[in-house]
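Here's the structure, in structure tokens; my notes come after.
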């Protein structure tokens, strides 16, 4: 890994190991499965074997007779079907009349032991009337398609209309047109969905869970249990064992189902899904179909693009309702990071009898960039223009307009990212060399770029800064660290702003009874929104510390300053006081609030008729070069190297950013070469670790190089924009372009598995 430009700062901009590294490395980290409350019951969920069917009856009498079974819940126990959120198309917690995919739950069990719970599952008899299935988003909109909901299968349609498409294509000398397909893939996090629900009183519950949305869990547990008041449900976050967007949605249902069982049993209930349940029932990266037409002049100037996108929403909506993040992002990211004057984009989000699509690292973006960046590459090849030169010529720069007419006034590091990967990969010499090896393998090199919108206005972020009784600073921001190092970043911001040593800053896992609202921990918004909230709260905390110190030192606060955790006089040498002594004077309880603030991103500004406007506050940019060796006999692809440069505004923690880049590339390689949920007629054939191919430690090449581009963003904390989502977006396209460079063949369907490569080469 290399290199981060140091833009100054004592703590911000310096490499910091994640604050929980030692605990995780030594096995001291506390995960949900480590919690075993007294008298806890084992929860189980019975899922349907059918992708689409009416529920005729659910017989549970024999199951209730099994010793150790405490509670069994079915849809008939509730007057109306309870759903994960209030949206009418949200996932039912227990299906009542109909199942729409194999993940649907038809009964819940709470028992004293695993054995009793498993035996009860076997004794429940469900009778169904099997219905026809739709499993393709394009076919799902045809007249004869089976309908999942009364208003049809179309959840939403979005569009962009800019310029004159017909005239734009008339000006083009070269036009490329193709269809691209990407599959559903699983988050495949180490820790499956799990929760513990504990009734404290009839009107008070405590939930432990591993989620990206603690406050959404609190809100919906209160809703389904008919509770009022924020204090009726206390959610305590355990350290997540991976998330990648999946635990912003899939973790909600396990918390809600455990709460229903806890209420019915009047005892704590621990519900942990199996790996198979997780893969069948949880959200997936949306499968996609992208049909794209892109045209350029002979001089290499992009003039027009026409894109149609179908996203497979699966059986239900997730937390995004009618406008899931993948839908909006696919719409606005499909033209890529380029200046295009004439644009027509349509995106359709379509229900099917597949697992429901949800957030997954850059939702909607890897799919559409796989199409866009191959089309850019194909145009450059036909025009005999170097692919990097072609991207540089058409790429977004400062004060240019996006394909949706948003003017980018600052922080546009696309060209710099291209220049960086061109240099560090030795692109020019490799692009022009002999492309075959002595062992018969073919060598190729490819490039791809991306943009990623940040600054979402859908939820604010709040932060509180406290002084502890022992003279430490505790930050509470209500956001979840699920391995991306957000605790470390937010602590760095507080440390820098307060001028207090980093090791004197504390931050605990989220507890909704103690922490302020933090919104969703996803979409690269923690650093942007959470970081700004922490910065603002820290500024107020600094002023309050000076005020308190003024009382104790009998000094004017205006004559005091914080320096390395000590308040000292500017006028009198030696007149100073440390935080511990301030705490002795003013902290009567465990904590004293010093400062509180929030951060709210500006709302999106979009014209309803054309889709033009400002869907995001600011954009991150990145470029990646991939070099491969391909065996034409076996179809095996060896990754020789990936060079990835990403514009993050400001790297608060360069070490963390480089780790994010490296991990994102690995994830992108899995999406490109290996991962696929295999399903037909709504039936998943590989819901386990044997059938689902995901990169392991043995598959990860030791050749990923990350580079940080810093194009300062004035409205971000210390200039930061975030990085976590965008880093896996261009990888698949870069590899696909490298394969074209090696073989002269275009591959339009993921994953690029050996058998698919061989089949295409033989055509």
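The values are calculated or read from the model by the stated rules, or taken from the named source; none is laboratory data. Predicted model, so just to flag it, every value in this text is computed and none were measured. Glycine gets a Cβ as well: all are built from the backbone with ideal geometry, and neighbour counts include every protein chain shown.
Which of the residues belonging to the stretch 606-641 are outside any loop (DSSP other than H, G, I, E, B) and closer than 30 Å to residue 464 by Cα? Show your work before the answer.
Residues of the stretch 606-641 outside any loop (DSSP other than H, G, I, E, B): 606, 613-614, 618-630, 637-641.
Within the stretch 606-641, 618, 619, 620 qualify.
List the pairs whose first member sits in the stretch 418-440 and is on the phi < 0 side of the Ramachandran plot, whose second member is in a helix (DSSP H, G or I) and surrounded by fewer than 16 Cβ atoms within 10 Å (Cβ to Cβ), and whose Cβ atoms are under 8 Å apart, counting only residues at least 6 apart or on separate chains?
422/428
Mind counting the residues in the stretch 302-326 that are closer than 24 Å to residue 136 by Cβ and in a loop (DSSP other than H, G, I, E, B)?
Residues meeting the conditions: 8.
Quick test for you: out of 545, 553, pick the one residue that is outside the structural domain of residue 715 (by TED's automatic domain parsing), buried (at least 19 other Cβ atoms within 10 Å of the Cβ) and in contact (Cβ under 8 Å) with a residue 40 or more places away in the chain.
545
How many residues does the stretch 218-252 hold that are in contact (Cβ under 8 Å) with a residue 60 or more places away in the chain and either within 15 Å of residue 520 (Cβ to Cβ) or in a helix (DSSP H, G or I) (or both)?
In the first step, residues of the stretch 218-252 are kept if they are in contact (Cβ under 8 Å) with a residue 60 or more places away in the chain; the result is 218, 220, 223-224, 230-231, 233-250, 252.
Subset that is either within 15 Å of residue 520 (Cβ to Cβ) or in a helix (DSSP H, G or I) (or both): 218, 220, 223-224, 230-231, 235, 237, 240, 243-250, 252.
Going through the stretch 218-252 one residue at a time, the tally reaches 18.
Go through the stretch 117-207 and tell me which strands (runs of 3 or more DSSP E), entirely inside it, have 2 or more residues that are over 30 Å from residue 71 (Cα atoms). Full working, then the answer.
Details: elements: 125-130, 154-162, 174-182, 194-201.
Result: 154-162, 174-182.
Out of curiosity, is residue 620 crowded, with 17+ Cβ neighbours inside 10 Å, assigned by TED's automatic domain parsing to the domain that holds residue 732 and farther than 30 Å from residue 698 by Cα? Explain how you work it out, then say what you get.
Working: crowded, with 17+ Cβ neighbours inside 10 Å: yes; assigned by TED's automatic domain parsing to the domain that holds residue 732: yes; farther than 30 Å from residue 698 by Cα: yes.
Answer is yes for this residue.
When you go through 459, 469, 486 one by one, which is the residue that is surrounded by fewer than 21 Cβ atoms within 10 Å (Cβ to Cβ), in contact (Cβ under 8 Å) with a residue 24 or more places away in the chain and under 19 Å from the mean Cα position of the chain (by Cα)?
Working: 469 fails: under 19 Å from the mean Cα position of the chain (by Cα); 486 fails: surrounded by fewer than 21 Cβ atoms within 10 Å (Cβ to Cβ).
Going through 459, 469, 486 in turn, just one is surrounded by fewer than 21 Cβ atoms within 10 Å (Cβ to Cβ), in contact (Cβ under 8 Å) with a residue 24 or more places away in the chain and under 19 Å from the mean Cα position of the chain (by Cα): 459.
Taking the stretch 68-95 as the region of interest, how many residues are part of a loop (DSSP other than H, G, I, E, B) and under 18 Å from residue 259 (Cα atoms)?
Keep residues of the stretch 68-95 that are part of a loop (DSSP other than H, G, I, E, B), which gives 68, 78-82, 84-89, 91, 93-95.
Keeping just the survivors that are under 18 Å from residue 259 (Cα atoms) gives 78-82, 84-86, 91, 93-95.
Residues in the stretch 68-95 being part of a loop (DSSP other than H, G, I, E, B) and under 18 Å from residue 259 (Cα atoms): 12 in total.
Given 375, 406, 367, 397, which one is modelled with pLDDT of 95 or more and surrounded by fewer than 16 Cβ atoms within 10 Å (Cβ to Cβ)? If you could, list the steps in order and put the result at the bottom.
On the way: 375 fails: surrounded by fewer than 16 Cβ atoms within 10 Å (Cβ to Cβ); 406 fails: surrounded by fewer than 16 Cβ atoms within 10 Å (Cβ to Cβ); 367 fails: surrounded by fewer than 16 Cβ atoms within 10 Å (Cβ to Cβ).
Residue meeting the stated conditions: 397.
So which residues in the stretch 586-605 are touching a residue at least 24 places away in the same chain (Cβ under 8 Å) and under 30 Å from residue 160 (Cα atoms), if there are any at all? Steps first, answer last, please.
Quick first cut of the stretch 586-605, residues touching a residue at least 24 places away in the same chain (Cβ under 8 Å) only: 586-587, 589-604.
Answer for the stretch 586-605, where residues must be touching a residue at least 24 places away in the same chain (Cβ under 8 Å) and under 30 Å from residue 160 (Cα atoms): 599, 600, 601, 602, 603, 604.
Quick check on this structure: which one of 412, 424 is modelled with pLDDT of 95 or more, more than 20 Å from residue 743 (Cβ to Cβ) and surrounded by 19 or more Cβ atoms within 10 Å (Cβ to Cβ)? Steps first, please.
On the way: 424 fails: surrounded by 19 or more Cβ atoms within 10 Å (Cβ to Cβ).
Matching residue, one of 412, 424: 412.
On the given criteria, is residue 101 closer than 21 Å to residue 251 by Cα and surrounded by 14 or more Cβ atoms within 10 Å (Cβ to Cβ)?
Considered against the rule, which asks whether it is closer than 21 Å to residue 251 by Cα and surrounded by 14 or more Cβ atoms within 10 Å (Cβ to Cβ), residue 101 comes out as yes.
Can you tell me which residue is nearest to the chain's Cα centre (by Cα) among those in the stretch 96-111 that are farther than 18 Å from residue 133 by Cβ and not in a loop (DSSP other than H, G, I, E, B)?
At the first step, the residues of the stretch 96-111 found to be farther than 18 Å from residue 133 by Cβ are 96, 105, 107-111.
Subsequent filtering for residues that are not in a loop (DSSP other than H, G, I, E, B) retains 105, 107-111.
Values: 105: 25, 107: 30, 108: 29, 109: 31, 110: 32, 111: 34 Å.
Step by step, filter the stretch 96-111, then rank; the result is 105.
Please enumerate the residues belonging to the stretch 556-585 that are assigned to a loop (DSSP other than H, G, I, E, B), touching a residue at least 40 places away in the same chain (Cβ under 8 Å) and surrounded by fewer than 16 Cβ atoms within 10 Å (Cβ to Cβ).
Taking the stretch 556-585 and keeping what is assigned to a loop (DSSP other than H, G, I, E, B), we get 556, 564-565, 570-575.
Checking which are touching a residue at least 40 places away in the same chain (Cβ under 8 Å) leaves us with 564-565.
Answer for the stretch 556-585, where residues must be assigned to a loop (DSSP other than H, G, I, E, B), touching a residue at least 40 places away in the same chain (Cβ under 8 Å) and surrounded by fewer than 16 Cβ atoms within 10 Å (Cβ to Cβ): just 564.
Please find, within the stretch 263-301, the residue that is farthest from residue 38 (Cα to Cα) out of those that are over 30 Å from the mean Cα position of the chain (by Cα) and not in a loop (DSSP other than H, G, I, E, B). Step through it out loud before you land on a result.
If we filter the stretch 263-301 for residues that are over 30 Å from the mean Cα position of the chain (by Cα), which is where we start, we get 263-268, 295-301.
Retained after the next criterion (residues that are not in a loop (DSSP other than H, G, I, E, B)): 263-265, 295-296.
Working: 263: 16, 264: 17, 265: 14, 295: 66, 296: 68 Å.
In this case the residue turns out to be 296.
Counting just the residues of the stretch 653-662 that are surrounded by fewer than 22 Cβ atoms within 10 Å (Cβ to Cβ) and in contact with a strand residue (DSSP E or B) (Cβ under 9 Å, 6 or more places away or on another chain), which one comes out farthest from residue 623 (Cα to Cα)?
Keep residues of the stretch 653-662 that are surrounded by fewer than 22 Cβ atoms within 10 Å (Cβ to Cβ), which gives 655, 659, 662.
Applying the additional criterion that residues be in contact with a strand residue (DSSP E or B) (Cβ under 9 Å, 6 or more places away or on another chain) yields 659, 662.
Values: 659: 16, 662: 13 Å.
The residue in question is 659.
From 449, 524, which residue is touching a strand residue (DSSP E or B) at 6+ places or on another chain (Cβ under 6 Å), on the phi > 0 side of the Ramachandran plot and crowded, with 24+ Cβ neighbours inside 10 Å? Please lay out each step first, then the result.
Numbers: 449 fails: on the phi > 0 side of the Ramachandran plot.
Only one candidate qualifies: 524.
All but one of (1) out of contact with any strand residue (DSSP E or B) (no Cβ under 6 Å at 6 or more places or on another chain); (2) part of a helix (DSSP H, G or I); (3) closer than 17 Å to residue 505 by Cα hold for residue 547; which doesn't?
Only one criterion is unmet by residue 547, namely (3).
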